[in-house]
1. What is chain A's relative contact order, in percent, from Cα pairs under 8 angstrom and six or more apart in sequence?
2. Taking amide H positions as placed in the peptide plane 1.01 Å from N, state which residues far from A:G274 in sequence (5 or more) or on other chains have amide H under 5 Å from it.
3. Over 32 Å between C-alpha atoms is what I'm after, so list which of A:K276/B:K162; A:K72/A:K144; A:K144/A:K276; A:K217/A:K302 land there.
4. Using a cut-off of 14 Å between beta-carbons, work out the net charge of the residues near B:S120 (Lys and Arg +1, Asp and Glu -1, B:S120 not included).
5. Tell me which residues come under 5 Å, amide H to amide H, from A:N54 once H is placed; ignore anything under 5 positions away on its chain.
6. Lys and Arg at +1, Asp and Glu at -1: add these up for the other residues within a Cβ distance under 12 Å of B:P197 and post the number.
7. Once phi is turned into ³J(HN,Hα) by the Karplus curve 6.51 cos²θ - 1.76 cosθ + 1.60 with θ = phi - 60°, what whole-Hz value does each residue of the stretch A:92-99 show in order, with x for glycine and proline?
8. Given +1 on the Cβ of Lys and Arg, -1 on the Cβ of Asp and Glu, and no further charges, what dipole in debye does chain A carry about its Cα centre, rounded to the nearest 20?
Amino acid sequence: MAEGKSKTGVVKKRASKREKKDWIAAYIFIAPVTLGLLVFYIWPFIQNIWFSFNEVSKFNVATFCGLANYQKLFHDGEVLRTFGNTLKYVVVTVPVGLFLSILIAALLNSKIKGTSLYRTLYFLPSVTMAAAVAMVWKWIYNEKMGILNSAIRALGGKGIGWLTDPKIALYSVMIVGLWMSVGYNMIILLAGMQGISKSYYEAAQIDGAGPIQLFFKVTIPLLTPTIFFVMITSIISGFQVFDVIYMMIGKTNPAYANTQTVVMLFYRQAFDYGYKGYAAAISILIFAVIMLVTVIQMIGQKNG
Amino acid sequence: MILTSFKTVGEAMQIPPTIFPKKFLTDAYSSIVTALPFGRVYLNTIISTVVTTVVQVLFCSMAAYAFARIEFPFKNAIFVLVLSVLMVPGQIFLIPQYRIVQSLGLLDTIPALFLPNLFSAFGTFLLRQFFMSLPKELEEAALLDGCNRFQIFRRIMLPLTKAGIVSLVIFTAKFAWNDFMWPLIVNTSMDKMTLGPALSTLQGQYTTKYPMQMAGAVMAVILIIVLFFIFQMVICCSRGKYSQEVVEGLIGKRN
């Protein structure tokens with residue numbers, strides 16, 4: 001150390017030269033991502049906010065219109081309705097999905113035969129394309145010839161309009177959404193469970209805890225960060241559900257009004273009807289709601 | 001009950017090849033190829049997925065290394081900027097992105113499919129976590145041996161973060177393959193489309209021809225499933241530790 005100190009002058013000079021070299025290297029390393037994000041994400045974000053105060057015509061001429069879009073937003077029954085549908089979707093799918101994925105993860109975490117096979121089976125739906133999944137489910141749900149109704153009829157029941165009955169359609173869509181997401185969430189939770197040290201379980205067992213107590217007193221508390229993560233991501237993706245509903249519910253479907261989500265509304269306004277300014281305002285609203293949910297949860301987690 | 005419901009549905013995905021007689025099946029497949037430029041659509045999806053994955057992983061790993069390991073001015077400010085993109089739902093960017101693509105004259109072209117997806121805040125963040133977990137001594141030793149930053153990156157850091165790279169590849173490939181709204185927005189002609197929106201057209205045009213729709217669905221998912229299995233085998237067989245790391249990578253290594 002003493003020798004090093006006597007030469008600090010030289011070392012420092014060399015270091016700063018190296019530092020500068022490092023800076024240049026670092027900027028070269030980060031340049032593609034940073035510039036790309038600036039051009040395609042950060043600048044668009046700012047632009048989008050600006051658009052929400054404008055009327056944007058088909059030919060992309062933006063004329064300032066102040067808060068008109070937002071005023072329209074809060075008086076638009078469709079916005080309220082689509083938000084209602086989305087909220088319903090989130091409120092049902094998030095708890096149910098969380099429950100199912102924790103349950104399955106717990107089952108797979110215990111030593112049953114063929115775990116890896118089950119794991120793969122459950123994970124598959126989440127790598128498959130939503131559009132394809134929706135198509136298959138649409139066939140299953142088909143009122144006249146789908147296998148679901150054929151099974152019901154074979155048992156002597158009456159066929160149900162799974163996707164056409166306005167009261168049922170949204171729930172049918174939820175089932176598909178759950179089917180696609182449970183596997184992925186389960187894998188994450190399972191990884192969390194496997195990360196819990198065995199010594200906790202051994203200690204609890206010595207104290208006389210049964211398997212159910214072990215689950216509620218050891219697994220669940222130690223899994224809370226993972227559960228929290230899964231919950232936030234599920235809520236956010238629930239708010240943004242699009243593909244499945246777009247594929248399954250056509251514009252002529254009688255249940256159309258009862259299944260449209262905010263992102264659907266955004267898409268229709270922006271790219272079907274061409275009201276890009278209004279659509280921008282809708283997207284800001286989606287952003288605000290998601291932010292709000294995240295902040296509330298952050299606070300909840302800190303207190304909990 | 002839930003278990004079986006999942007299983008039967010899982011099997012239901014595979015039903016078309018088994019439930020229909022062979023002749024019927026090939027009919028459905030050949031009619032799908034004539035009804036859509038299916039080969040073209042398939043190729044588009046492959047091109048878009050491969051380009052997105054390769055470029056995104058390269059760019060992200062470069063930036064992630066710099067953010068994790070090199071000190072430079074404004075590092076934190078730039079990183080916060082990158083992270084801020086992560087917090088915003090994707091719809092916010094769509095309209096301006098559409099206009100950018102439009103002003104570049106790229107609407108309804110193949111590059112439009114992947115252009116904005118080449119850059120990812122998520123990937124950068126994910127890989128940064130992996131780079132940060134590597135011991136600093138490795139790099140210091142290499143620096144003393146006279147390696148420059150690029151050599152360190154390519155020869156030492158990149159090979160050591162294989163698990164992170166694999167998880168980002170899986171994630172990105174899956175995302176690009178299954179992307180739905182963006183291709184639907186930027187491209188209109190069928191021969192510039194990817195599989196997702198093409199299926200939606202198929203469904204609209206041949207509402208009652210279920211075997212054909214199923215044939216399309218099967219073809220749309222088959223490649224990504226095969227890819228998934230290959231990756232799984234690579235992950236599981238090469239090293240036991242891998243799979244755990246990859247899963248951790250996928251959930252973003254929260255702790």
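1. Values: 296 pairs, mean separation 79.9, N = 304.
In percent, rounded to a whole number, it is 26.
2. Excluding prolines and chain starts, which carry no amide H, there are no hits.
3. Numbers: A:K276/B:K162 42 Å; A:K72/A:K144 41 Å; A:K144/A:K276 39 Å; A:K217/A:K302 20 Å.
Over 32 Å apart, Cα to Cα: A:K276/B:K162; A:K72/A:K144; A:K144/A:K276.
4. +1
5. Residues meeting the criterion, in which the H sits 1.01 Å from N, are A:C65.
6. Details: positive: B:K192; negative: A:D243, B:D179.
Summing Lys/Arg as +1 and Asp/Glu as -1 gives -1.
7. Rounded to whole hertz, the list is 7, 6, 5, x, 4, x, 5, 4.
8. Here the size comes out at about 960 debye.
We did not get these values from a lab; they are worked out from the coordinates using the rules stated. Predicted, not measured: the structure shown is a model, and the values here were computed from it. Glycine also receives a Cβ, built like all others from the backbone with ideal geometry; neighbour counts cover every protein chain displayed.
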